[in-house]
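Asks: One structure, pasted below without further comment.
The values are calculated or read from the model by the stated rules, or taken from the named source; none is laboratory data. Not measured: the values here are computed from a predicted model. Please note: Cβ atoms are built from the backbone with ideal geometry, for glycine as well, and neighbour counts cover all protein chains shown. Side chains included, ligands, DNA and RNA excluded: accessible areas come from the protein's heavy atoms. Shrake-Rupley method; radii C 1.70, N 1.55, O 1.52, S 1.80 Å.
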Amino acid sequence: MVAMRDTIAQAPQVGAHRPWPRVIVTADAWRDLCDELAAGNATLLGLWGDDGAVHMALLMESADVAVVTLKCRDGAFPSVGARHAPAIRLERAIHDLYGLQPVSALDLRPWLDLGFWDIQHPLGDRTPAPAPREPYPFLPVEGENLHQIPVGPVHAGIIEPGHFRFTANGEAVVRLEQRLGYVHK
């Protein structure tokens, strides 16, 4: 926790950022903060992209909130999800929208881009979408007595249409994969 406070205190602060301070950190400091998350010394409040940068909001044990920014000069940033699993989907969204690459990420499959867009990375460097697109790679089913149950993309039990893949062992669901966003409102 002291290391996290020191990392944030020593980083250059962005002026007039309210209500919490925002600092610009190096890739090494970003990795250190990811280690603090993995150790349970902070709570991830948010992870989002911007034009050429990623931002992370943290709630520290002292109840202080800090926002850290890492500029992605080469279009990449150290993966938060590789050390803190709740960040995986947020990283996938950052890649889909901005094209920023989480280095050493555990899951690089698209999250928001379902193949309906005519461009890639609409909020970053826009490029034409490849045609034809590869089918979405659902995680494989491995092990005895496991089977996969596909549901959707429209299911009566939910308001938003989505596609779900249940991996089950008898009545026990051992994995659920969701593909949401089939209707954009």
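Asks: Determine whether PRO132 is closer than 16 Å to LEU47 by Cα, at pLDDT below 95 and open to solvent by 60 Å² or more (accessible area, probe 1.4 Å).
Replies: no
Asks: Here's a follow-up. Restricting to segment 101-113, name every residue that is crowded, with 16+ Cβ neighbours inside 10 Å, of a type in the set (A, V, I, L, M, F, W, C) and within 18 Å of CYS72 (Cα to Cα).
Replies: Scanning segment 101-113 gives a single hit, ALA105.
Quick grid of which residues meet (1) aliphatic (A, V, I, L, M); (2) under 20 Å from ARG22 (Cβ atoms):
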{"position": "GLY81", "(1), (2)": "no, no"}
{"position": "LEU90", "(1), (2)": "yes, yes"}
{"position": "TRP111", "(1), (2)": "no, no"}
{"position": "ALA131", "(1), (2)": "yes, no"}
{"position": "GLU134", "(1), (2)": "no, no"}
{"position": "PRO140", "(1), (2)": "no, no"}
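Asks: Here is a follow-up. Those residues that are without any contact (Cβ under 8 Å) to a residue 12 or more places away in the chain and not in a strand (DSSP E or B), I need them from segment 117-133; list them, please.
Replies: Correct list: ASP118, ARG126, PRO130, ALA131, PRO132.
Asks: A further question follows. Residue check: is PHE116 modelled with pLDDT of 90 or more and either touching a strand residue (DSSP E or B) at 6+ places or on another chain (Cβ under 9 Å) or surrounded by fewer than 18 Cβ atoms within 10 Å (Cβ to Cβ) (or both)?
Replies: no
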